[in-house]
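Take a look at the structure set out below.
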Amino acid sequence: MSAAGAGPGSREGHREPRRAVDGALRADTADTADTADTADTADNPGLAARVTTRRGGFTLDVAVEVAHGEVVAVLGPNGSGKSTLLGTLAGLFDPESATVTLADRVLTDTDAGITVPVHRRRVGLLSQQALLFPHLTAHENVAFGPRCAGQGRRAAGAVADRWLAEMGVAELADRRPSELSGGQAQRVAIARALAVEPDLLLLDEPFAALDVDAAPAVRAVLRRVVRDSVVGGQTVLLVTHDVLDAVVLADRLVVLADGEVVEQGPTAEVLARPRSGFAARIAGLDLVTGTACAGGLHTLDGTLVSGAASEPLDHGDPAVAVFAPRSVAVHRERPAGSPRNVVPVRLAAMEPQGEVVRLRAGASGRGPAWGEGLAADVTPAAVAELGVEPGDELWFAVKATEVAVHPSGR
Amino acid sequence: MTRAAPSSPRTRSSRTGSTGHTLPWPVWVPAVVGFGLIAVPVAGLVLRADWPNFLTLITSDAALDALRLSLQTGLTSTALCLLFGTPLALVLARSDLPGLPVWRSIVLLPLVLPPVVGGLTLLFLLGRTGPVGQLLDAWFGVTVPFSTVAVVIAQTFVAMPFLVVSLEGALRTAGDRYEAVAATLGASPMTALRRVTIPVVLPGLVSGAVLAFARALGEFGATVAFAGSLQGTTRTLPLLIYLDSQDDLDSAVALSLLLVVVAVVVIVATRTRDASGVR
């Protein structure tokens, strides 16, 4: 995790310990300084971008930094300016005012009149649609980039072979895109994007167009190639409205609304304790961080959260247990019976949300700390029956079958 | 001419299988009438033909000269359409040139203009007394009208819009997403054009070229106005057919059938390539 800041007012924090940056930074982002690898950041500067442009009804004004090897997710609803941001970084869209530097190269500086053309930026782009060239085989698609970089036919072919194998689609090398399923095509597209070894990989809702069945596997394999040793630390900016993408792939989360950064920080923290109403709404999930173990997840304070792994996980891998607030049952007394996960909480807040009331848990001091920040959605009738109000000591219970354990960014 | 969308298995199945979807019957009646309007006259031609003398009629000196000239000029003007029309379609489809609709309307003018009018405008421009023709004559001693070159120019004039319309449609359907992806993979604009854009729109380019060739092959009005009707030099098959229809109807019918055969061969050959070729 790097200390790279994003958002107006924190850009200069890039190479300094987080605590020294800005007194206005809130406590929950300050602890990232402890894990910040500032030396690595200084040796391999990643992306630093500031974009200001008028689009439709709002003004996009965003600063984002991504350290070398870091994966940052930009989360926001449609029309929040995500696509404009990506288009600017890729060089496909000319903003009114922007500076973009990547790996010590100035890619865009509107004041100085600099715009490096798309094909010389070394910025890869993977979007919802695989957009494989329809007239080329999967293998030729992947070899396309290396060929453009001047590699010979044989060398480019070898690169393509390696990446297709890496993505688990080596046997599809000779297929045309029309003969591939959506998930297969997207794997080939990932191989194609990574085969040119871009300094920055932009992911634009990369799983949004996939079947529900295909998305997790593609997400897992993408996670493996960008995070593990395969590319030795790929710098990635991911744009998504799917919280799961951010949970599984990202180190850090930047929340965008109406063209501005409203919130940012380590993924799990932002999602578990959203400070903006917007983040809370898009998050809409309970998350507990820890490490994977048999039967679920070990929290940082050593308690077990029972659940099923979404994909095979090694013991001790960083992981996040995810469940929906509506699957949390609320009790006055410690419930007996089947729920595997029961945690004492002190009710911090009650927020009406349409048909339900969201009960937000604070620290209780009576039990494991993972209960803090959890949300439980209950009906107004249940609230009336329980007679709860903020400050009350309660028990939150969730069945193990409702808990999915995902690998997490860190 | 449009391609199946990439990575969509659904478009493949729709190409092969019947869906059991039935057309409403009111579609069939005008469809049959329309088909008849095209097919029956051709059948009438077959019935009217003087079959015992058919081979003699189409192998006369005049006929062979006309056929050779038609194929030569048709192919040449198709090549010119590709050479100039492809970049023209790219500019119309991809550039943000100001006043693009106006430029496009001008390019499409030959589609709506009577060919004779097109031929006359060329004559006024390139004729010996025309503004450009005068200079060509004075500087190079070149006279364009009533030469084979004039035939090619007239055919290119009327045929080019067919290629441009077809290709521009294909380019717009394909969108610029593939070019954008190619650029992010490091392809220069020229590389992207050569290795992505052109291959992706190749079916549209082929069908556009076929249309242009067919139009050039059948060209009459502009040719007769601008190039005249000299055997071996400017008298193409349509001109010969018209000439013969005045006094030698048997020959006109035989040559008409020859033209039909050439057209059908071209269409069938390129259609099969279109469906299977790029795959």
| said: I'd like to check something: does segment A:50-60 contain any residue that is in contact with a Lys or Arg (Cβ under 9 Å, 6 or more places away or on another chain) and either modelled with pLDDT of 75 or more or on the phi > 0 side of the Ramachandran plot (or both)? | reply: yes
| said: Is it the case, given these coordinates, that A:ASP174 is surrounded by fewer than 24 Cβ atoms within 10 Å (Cβ to Cβ), within 30 Å of A:ALA319 (Cα to Cα) and more than 11 Å from chain B (Cβ to nearest Cβ)? | reply: no
| message | The conditions are (1) in contact (Cβ under 8 Å) with a residue 24 or more places away in the chain; (2) open to solvent by less than 40 Å² (accessible area, probe 1.4 Å), and B:LEU75 fails exactly one of them. Which is it? | response | (2)
| query | So how many residues does segment B:47-71 have that are touching a residue at least 12 places away in the same chain (Cβ under 8 Å) and of a type in the set (Ser, Thr, Tyr)? | reply | 2
| query | Does segment B:19-37 hold any residues that are at pLDDT below 90 and of a type in the set (A, V, I, L, M, F, W, C), and which are they? | reply | B:LEU23, B:TRP25
| field | Set A:THR115, A:THR108: member being in the same structural domain as A:ALA220 (by TED's automatic domain parsing), open to solvent by less than 10 Å² (accessible area, probe 1.4 Å) and over 21 Å from A:VAL226 (Cα atoms) | value | A:THR108
| Flag if B:ASP248 is more than 14 Å from chain A (Cβ to nearest Cβ), free of Cβ contacts under 8 Å to residues at least 24 places away in the same chain and crowded, with 20+ Cβ neighbours inside 10 Å | no
| task | Output the residues belonging to segment A:359-392 that are within 16 Å of A:VAL328 (Cα to Cα) and open to solvent by 60 Å² or more (accessible area, probe 1.4 Å). | result | A:GLU372, A:THR379, A:PRO380, A:ALA381
| query | Among the residues of segment A:96-124, which ones are touching a helix residue (DSSP H, G or I) at 6+ places or on another chain (Cβ under 9 Å), within 26 Å of B:THR191 (Cα to Cα) and more than 14 Å from chain B (Cβ to nearest Cβ)? | reply | A:VAL100, A:THR108
| Considering only strands (runs of 3 or more DSSP E) fully contained in segment A:325-394, which possess at least 1 residues that are touching a strand residue (DSSP E or B) at 6+ places or on another chain (Cβ under 6 Å) and under 15 Å from A:ASP301 (Cβ atoms)? | A:341-353
| message | Considering only segment B:86-106, I want to know if a residue exists there that is in contact with a Phe, Trp or Tyr (Cβ under 6 Å, 6 or more places away or on another chain), open to solvent by less than 40 Å² (accessible area, probe 1.4 Å) and among the hydroxyl-bearing types (Ser, Thr, Tyr). | response | no
| remark: The condition of being open to solvent by 10 Å² or more (accessible area, probe 1.4 Å) and not hydrophobic (A, V, I, L, M, F, W, C) holds, among A:ASP286, A:ASP301, only for A:ASP301
| request: Mind listing just one residue for me: the one in segment B:164-197 that is more than 7 Å from every other protein chain (Cβ to nearest Cβ) and free of Cβ contacts under 8 Å to residues at least 12 places away in the same chain and, of those, least open to solvent (accessible area, probe 1.4 Å)? | output: B:GLY175
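The values are calculated or read from the model by the stated rules, or taken from the named source; none is laboratory data. Quick caveat: nothing in here was measured; it's all calculated off a predicted structure. Note that each Cβ is placed from the backbone with ideal geometry, even for glycine, and that neighbours are counted across all protein chains shown. Please note that ligands, DNA and RNA were not included when accessible areas were found on the heavy atoms of the full protein model with its side chains. Shrake-Rupley method; radii C 1.70, N 1.55, O 1.52, S 1.80 Å.
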